[in-house]
């Protein structure tokens, strides 16, 4: 069995440049966003959530060298605020609010050049969110049925993809992870 704590610690010991940190932070938010979008859509908050999602995607583009659209970032904050305040579905409320916190930290990272909220904190928040998942986890995601274990494995896989293949490979890996989270939320009754 993989020791995720040691593996993540080993990966994080390697120095990442600012753009790599931003890319990992945004990809973490987008990965959880696969489930968050479905949950927000069910709660009638798809438009608000989509603004937050668009901010994270703009962050990934900025990590690739494009200029960060500050208007889009402001809209992301506005959408996230509405989604956080308005989300009221009881069954997945704890997971959803914790997932929104991950997105908020990633957006802060985009705004603040001093990296007050780094990838280790964002990864920790993502694991905390995964621990709050209210339903079963498909054995395809994790044979033991643990979303925490799956999230930790995703973090390692995303980091490896970024280091070995850059943003293109990270986006590919993130897309599959995001889809898995989406299917998980779609299966939640």
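Read-outs: derived from the displayed coordinates by stated rules, not from any lab. Worth saying up front: this structure is predicted, and the values here are computed from it rather than measured. So basically every Cβ, Gly included, is an ideal-geometry build from the backbone, and we count neighbours across all protein chains shown.
Before moving on, here are some points about what is shown:
- Here the label points at residue 74 and residue 187, each 7 Å from Cα along the C-beta direction, are separated by 4.2 nm in the simple model.
- In the elastic network of the chain, a GNM with C-alpha springs shorter than 10 Å, the most mobile of 89, 54, 98 is 89.
- Ellipticity at 222 nm from helices only: DSSP H runs of n ≥ 4 in the chain, each -39500 (n - 2.57), divided by the residue count, give -26000 deg cm²/dmol.
- Region 102-181: relative contact order in percent, alpha carbon pairs under 8 Å with at least 6 residues between: 18
- Scaled radius of gyration (Cα, divided by 2.2 N^0.38 Å) that the chain gives: 0.95
- Anisotropy class of region 19-79 from Cα gyration tensor, a/c 1.5 cut: oblate
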